[in-house]
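S.K.: Provided herewith is a single structure, encoded as structure tokens, for subsequent inquiry.
The values are calculated or read from the model by the stated rules, or taken from the named source; none is laboratory data. From a predicted model like this one, the values you see are computed outputs, not experimental measurements. Please note: Cβ atoms are built from the backbone with ideal geometry, for glycine as well, and neighbour counts cover all protein chains shown. We work out accessible area using only protein heavy atoms, side chains counted, and drop any ligands, DNA or RNA first. Shrake-Rupley method; radii C 1.70, N 1.55, O 1.52, S 1.80 Å.
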Amino acid sequence: MHPLRKNRPFRRIVLAGAATVSGMVLLLSLKPHTSPVLADGSHAPAPVSTAAGASPGPTRAPVTGTRNVTGDTVRTRWGPVQVRVTLGNGRLTDVTAVSYPQDNPRDQEINGYALPQLRREALTAQSAQIDTVSGATYTSDGYRQSLQSALDSAGL
């Protein structure tokens, strides 16, 4: 018999076992996709759109002086987000994040770059129609919703 044609059952068993273990490790390392869940256990609401031609909100009334208005607390998957706006002569002069996720170093890192960017955008836009910060989607959505509720409360 030729030396390459020998039966090697032990080698086949070892290779089959190694392939099975490798396959199981790969399968177990996959993470299932889950839908976003808010901090209170409910699912994230679907975005709301306004009909074409509909008024986006109340008309702007002339406001004099400076005042602070705090928006609603918005519960996100990673924690609550709330903003306070400062209005001067009917314009948005400052936006401050009152509460935001900061329970762990990753939250602190994300919000360290996201909150200043959201603030700049809000002051530039003078409204809550601002872009989402990449990597901080839930915080951006909560920030936007809280900002809109503060502006609505202020009559802007």
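S.K.: Give me the percent of accessible area attributable to carbon and sulfur for the range 70-119, probe 1.4 angstrom.
M.R.: 42 percent
S.K.: Using a/c under 1.5 as the rounded threshold, could you call the range 78-156 rounded, prolate or oblate? The axes a ≥ b ≥ c are square roots of the C-alpha gyration tensor eigenvalues, and prolate needs a/b larger than b/c, oblate otherwise.
M.R.: It is prolate, given that a/c is not under 1.5 and a/b is the larger ratio.
S.K.: Have a look at Gln117, Tyr138, Gln102 and report the one farthest towards the positive end of the charge dipole of the range 101-156, computed about the Cα centre with Cβ charges (Lys/Arg +1, Asp/Glu -1).
M.R.: Gln117
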